[in-house]
Amino acid sequence: MTYSKILLSAFALAVASSSFAQTESAPVTTTSSAGLLGQRYVAISGLTEDFRNAGGLDNAFGGGIAANLPLTANLDLGFGYGYERLSDGGLKYREHAINASLTPFVTVAENVKVFADATIGYAWAKARGFGGNASDDDGIWSLGAGAELGLGARTALTGRVSYNDAFDGNSDGSWAFTVGVNHWFTEKVAGLAGVTFVESDSIVYQIGVGFRF
């Protein structure tokens, strides 16, 4: 199972967002919004991963940090780092992953924005157990699309579908489906939560906090 693709799916939604204006030449500004699109923020999150069809394999745990910076009036640049660990009997697995993303979006109706995103990254992993050690370093990529729906002045719901794979071509790619919600408790602080379904392989549950600046 390629854990790097799962990490990429879980964090791409948090780091891939953008802002909207009438022209790209308009000044880039950060304004209050119910959603995360177009916001300048950092987010810290934790996750647990449930391997549904892995023969009783224990859950993995991890977390990460993400940053989002508007580049133009309708394009954002995101960065993310994630860590995941799995300990199950004699097996110990550790993975680090970094990624960067670009996301354009448009407003199609009041409180509704649609977006596409492209993410590239790099993951390095080590496994130990059963009398041996192994390591695997891969470049990873993801293409996704989704929508953000504002649910009032402070809360927004986001849905995203993505295809994720490694550059080396030695593993099969996977589809991931993410549903996320954020709520701004104050002008600067938001709570974040999301669930990612990675085909029939696993479910990733994520919760975190975002800080707008």
(request) For L143, indicate whether it is open to solvent by 20 Å² or more (accessible area, probe 1.4 Å), of a type outside the set (D, E, K, R) and in contact (Cβ under 8 Å) with a residue 40 or more places away in the chain. (result) no
(message) Condition first: over 26 Å from T155 (Cα atoms) and either modelled with pLDDT of 80 or more or not small (G, A, S) (or both). Can you find one or more residues in region 19-31 that meet it?
(response) yes
(request) Return only the number of the condition from (1) part of a loop (DSSP other than H, G, I, E, B); (2) on the phi < 0 side of the Ramachandran plot that G46 does not satisfy. (result) (1)
(message) Here are the criteria: (1) surrounded by 18 or more Cβ atoms within 10 Å (Cβ to Cβ); (2) among the hydrophobic types (A, V, I, L, M, F, W, C); (3) under 30 Å from Y93 (Cα atoms). Tell me which single one F61 does not satisfy.
(response) (1)
(request) Would you mind stating whether L91 is more than 17 Å from N164 (Cβ to Cβ) and either under 19 Å from the mean Cα position of the chain (by Cα) or in contact (Cβ under 8 Å) with a residue 40 or more places away in the chain (or both)? (result) no
(message) Which residue is farthest from the chain's Cα centre (by Cα), if the candidates are limited to region 181-191 and must be part of a strand (DSSP E or B) and surrounded by fewer than 21 Cβ atoms within 10 Å (Cβ to Cβ)?
(response) V189
(request) Could you identify the single residue in V204, V195 that is part of a strand (DSSP E or B), closer than 30 Å to D138 by Cβ and touching a helix residue (DSSP H, G or I) at 6+ places or on another chain (Cβ under 9 Å)? (result) V204
(message) Being of a type in the set (K, R) and under 17 Å from the mean Cα position of the chain (by Cα) is true for just one of R160, R212, R128, R154. Which residue is that?
(response) R160
(request) Quick one: count up the residues across region 152-167 that are farther than 18 Å from G121 by Cβ and modelled with pLDDT of 95 or more. (result) 7
(request) Scan region 94-125 for residues that are open to solvent by less than 20 Å² (accessible area, probe 1.4 Å) and either over 21 Å from the mean Cα position of the chain (by Cα) or not charged (D, E, K, R) (or both) and report the count. (result) 10
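The values are calculated or read from the model by the stated rules, or taken from the named source; none is laboratory data. Note that this is a predicted model, so its numbers are computed, not measured. Heads up, the Cβs are rebuilt from the backbone with ideal geometry, glycines too, and the neighbour counts pull from every protein chain shown. Surface accessibility is based on the protein's heavy atoms, side chains included, excluding ligands, DNA and RNA. Shrake-Rupley method; radii C 1.70, N 1.55, O 1.52, S 1.80 Å.
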